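The block underneath contains the structure these notes are about, expressed in structure tokens.
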Amino acid sequence: MKRILAVMTGALLISATAHAEQPNFGFNATDNQDPIFVKKCLAYKQSLVDGDKQKLLSFVDPKLQEKFGERLQNMIDKMIAKRQKEMQQADYKLDYIRIVKMENMIKPDKNIAAVSLRYAAEKSGISEGCGFERLKDNTWQIVFK
């Protein structure tokens, strides 16, 4: 029993390490239900709250960063301001998080993934999420709204 537990723990550590070292743009996932989508979504949402422009830029295709430079920076500034305003309206805490099961959709698509989040406060709540799409090289990126 201890041996099985040790093997399982080792596998989880290897999996967690692999996810931790992946880039925010062009990351690998086993399928559209991989737990890495939760980690990437939470990192993205937290970087908006923290106003971490460098972290947010890490979610963007480097080719787009080069092409849109200042326009992209302005877009990120607006996204940060909007998110910070939303979160300051109440003392929101993460209440619920899950990966959306795409096979339950009307038109299932293995090239998209979604994470659903719900934040709760004393008298209100926010429901939102993150969308991801598979790239041609079989890696993934977040879809900006």
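Convex hull volume of the Cα atoms of the chain, normalised per residue: 154 Å³.
Legend: residue pairs Lys67/Lys93; Lys40/Lys63; Lys45/Lys107; Lys39/Lys123; Lys45/Lys123, Cα-Cα distance threshold 30 Å; pairs beyond threshold, Lys67/Lys93. Taking every alpha-carbon pair under 8 Å whose residues sit at least 6 apart, the range 29-143 reaches a relative contact order of 26 percent. Top mean-square fluctuation among Met75, Met87, Met102, Gaussian network model of the chain, C-alpha springs under 10 Å? Largest GNM mean-square fluctuation: Met75. Run the simple label-point estimate for Glu103 and Lys136 please: 7 Å along Cα→C-beta, distance reported in nm. Here the modelled spin labels are 3.0 nm apart.
If you take the Cα centroid of the range 57-91 and the Cα centroid of the range 98-125, the two points sit 22 Å apart.
The calculated 222 nm mean residue ellipticity attributable to helices in the chain amounts to -15000 deg cm²/dmol, summing -39500 (n - 2.57) over DSSP H runs of n ≥ 4 and dividing by all residues.
Put a dot 7 Å past the Cα of Arg71, heading toward its Cβ, do the same for Gln88, and the two dots end up 2.9 nm apart.
Dipole size of the range 29-143 about its Cα centre, with +1 on Lys/Arg Cβ and -1 on Asp/Glu Cβ: approximately 120 debye, rounded to the nearest 20. Among the GluC sites (Glu not before Pro) within the range 106-145, those in coil by DSSP and having at most 10 neighbouring Cβ atoms inside 10 Å are Glu122. Length gained on full extension, Lys110 to Tyr96: 2.7 nm, using 0.36 nm per residue less the C-alpha separation.
Coordinate-derived values only; no laboratory data. Worth saying up front: this structure is predicted, and the values here are computed from it rather than measured. When we count neighbours, we look across all protein chains shown, and the Cβ atoms used for this are built from the backbone with ideal geometry, even at glycine.
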